[in-house]
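S.K.: Okay, handing you the structure first.
The values are calculated or read from the model by the stated rules, or taken from the named source; none is laboratory data. Worth saying up front: this structure is predicted, and the values here are computed from it rather than measured. Note that each Cβ is placed from the backbone with ideal geometry, even for glycine, and that neighbours are counted across all protein chains shown. Accessible surface is based on the protein model in full, side chains and every heavy atom, while ligands, DNA and RNA are left aside. Shrake-Rupley method; radii C 1.70, N 1.55, O 1.52, S 1.80 Å.
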Amino acid sequence: YGVVPLRRLTSGALSRVAFAAGFDSLFMRSGLYSETAVTFGGAFAIKNRFSVGGALAFFSRRATVDPADTAFGGRFSAADFALHIHTLVRISDRWFAGATLRNAFSSPLSTRGGVADYSPREFTAGVSWRPGVGVIALELGVSPLETTIRLGAEYWFFGALALRAGVGPGRLGTGIAVRMARVRALTLHYTLARESAVGWIHRSGLSVEF
């Protein structure tokens, strides 16, 4: 969320600026972790072939930790923000390549226990194929915590309803998106994912283009 939708940058204009904003809420069914994020993103496209942009995200995070950890007292609450940088290249009418540096800059997690930490940087690169109203994407993600390969797909029905699915190491997810009929720039999102380490994860949100 917050990354400028691709369709705004591939409409045939020689150059254009596009913006998007999003609200995102994540909740683990186990109750161990939840977060809320507000994101603002923008991008500039050049000659309908190349775009570069970024997104600024503000997070509020809550987690349940080991009660014996006196620094947190069994609860972890933090607020922080992060800057993401992304680029996109249009190879042909249906093929695209892109890269993103997440948490290129981030503030320290400010916690009630006075413990400071930073969100790890993650570099991702991938390609996507867009046959008509669908998208199939393959992505490589590299961070200090893990290196993963992820595959995802999306298909839009009548430009109003999208079905999504994705898979990665130890992860499997599916989701939907609904674009408002009267406010085409407003889209609602929901994802249900299963991760082997933490169980079921619910993610919901909305995004608006302007």
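S.K.: How much solvent-accessible surface does residue 176 expose, in Å² to the nearest 10, with a 1.4 Å probe and all protein chains in place?
M.R.: For residue 176, solvent-accessible area is about 70 Å².
S.K.: Follow-up. Taking 7 Å along the Cα-to-C-beta vector as the label spot, tell me the residue 202-residue 83 distance in nanometres, rounded to one decimal.
M.R.: It is 3.5 nm.
S.K.: Not counting ligands, DNA or RNA, and with a 1.4 Å probe, what is residue 107's accessible surface area in Å² rounded to the nearest 10?
M.R.: Counting only protein heavy atoms, residue 107 exposes about 20 Å² to solvent.
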